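The values are calculated or read from the model by the stated rules, or taken from the named source; none is laboratory data. No experiment lies behind these values; they were computed from the predicted model shown. Positions of Cβ are backbone-derived with ideal geometry, glycine not excepted, and every protein chain shown enters the neighbour counts. Heavy atoms of the whole protein, side chains included, go into the accessibility calculation; ligands, DNA and RNA do not. Shrake-Rupley method; radii C 1.70, N 1.55, O 1.52, S 1.80 Å.
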Amino acid sequence: RLDPRKGIDKAIRAFAQLDRPDAELLIAGTGRLEESLRELSAELGVSDDVRFLGFVPDEELPELYSSVDLFVLPSEYEGFGIVFMEAMACETPVIGTEVGGVPTAVDDGETGYLVPKDGIQELGARMDELLNNSEDHQRKSTASRSWAKDHDWKEIARQIESVYYVELN
């Protein structure tokens with residue numbers, strides 16, 4: 001959803017800081033802020049490099065996550081942040097904000113980065129860092145996939161079962 005809570009305006013502002021003529025910001029989703037986000041992109045001079053994809057069906061998300069170099073969601077609040085897990089399962093490093101459940105989904109420095117929710121400068125710096133360091137990017141890509149595999153539903157169920165089994169015996 002393109003609503004204020006998702007912080008897409010911060011992603012656009014951080015993207016505008018990058019000095020990368022080869023970079024493109026893809027924005028998936030629909031919502032009441034789309035027009036103002038388009039205007040912000042134009043105001044910051046990056047409208048040619050920002051693509052609004054609209055609604056992306058669930059079955060197309062893995063292909064989208066796999067096609068990008070990094071996933072960024074600078075939310076004001078997220079309950080858990082399942083989208084981070086989805087991106088990491090596709091070997092895509094992630095950048096999220098230190099809010100709600102995001103820190104439980106993002107292993108800062110390993111699968112990507114956590115930034116302060118008002119840290120647009122830091123968000124841009126982390127984006128630039130991941131895009132400019134292919135060795136670090138590859139390490140975080142591998143770690144992302146591994147982390148997601150270690151936290152899939154079957155593994156979580158196994159861990160819960162082991163806790164209950166120990167407690168009952």
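F55 exposes around 150 Å² of accessible area when a 1.4 Å probe is run over every protein chain in place. The relative contact order of the chain, computed from alpha carbon pairs under 8 Å that lie at least 6 residues apart in sequence, is 21 percent. Taking 0.36 nm per residue of separation and subtracting the Cα-Cα distance, full extension of the segment from L61 to E135 would add 24.1 nm.
The GNM of the chain, with springs linking C-alpha atoms under 10 angstrom apart, assigns the highest mean-square fluctuation among E110, E59, E34 to E59. A cut-off of 5 Å between modelled amide H atoms, ignoring neighbours fewer than 5 places along the same chain, links G29 with L53, G54, F55, V56. The calculated Kirkwood hydrodynamic radius for region 1-104 is 14.1 Å, given to one decimal from all distinct C-alpha pairs. Restrict the search to region 99-156; then list the trypsin sites (Lys or Arg not before Pro) that DSSP places in a loop and that have at most 16 other Cβ atoms within 10 Å of their Cβ. Nothing satisfies the criteria.
Where a ≥ b ≥ c are the square roots of the eigenvalues of the C-alpha gyration tensor, would you call region 115-162 rounded, which needs a/c under 1.5, or, failing that, prolate if a/b is larger than b/c, or oblate? Taking the square roots of the gyration eigenvalues as a ≥ b ≥ c, region 115-162 is oblate. For region 1-68, trypsin sites (Lys or Arg not before Pro) meeting the loop criterion (DSSP other than H, G, I, E, B) and having at most 15 other Cβ atoms within 10 Å: R1, R32. The value for region 1-42 of Rg(Cα) / (2.2 N^0.38 Å) is 1.14. Ligands, DNA and RNA left out, the accessible area of the chain computed with a 1.4 Å probe is 49% carbon and sulfur. Of all DSSP bridge pairs formed entirely within the chain, close to 10 percent run antiparallel.
Excluding same-chain neighbours fewer than eight residues apart, the lysines reachable from K117 by a Cα-Cα span under 17 Å are K6, K10. Label point of D22 set 7 angstrom out along Cα-Cβ; within region 122-137, amide nitrogens under 12 Å from it belong to 131-134.
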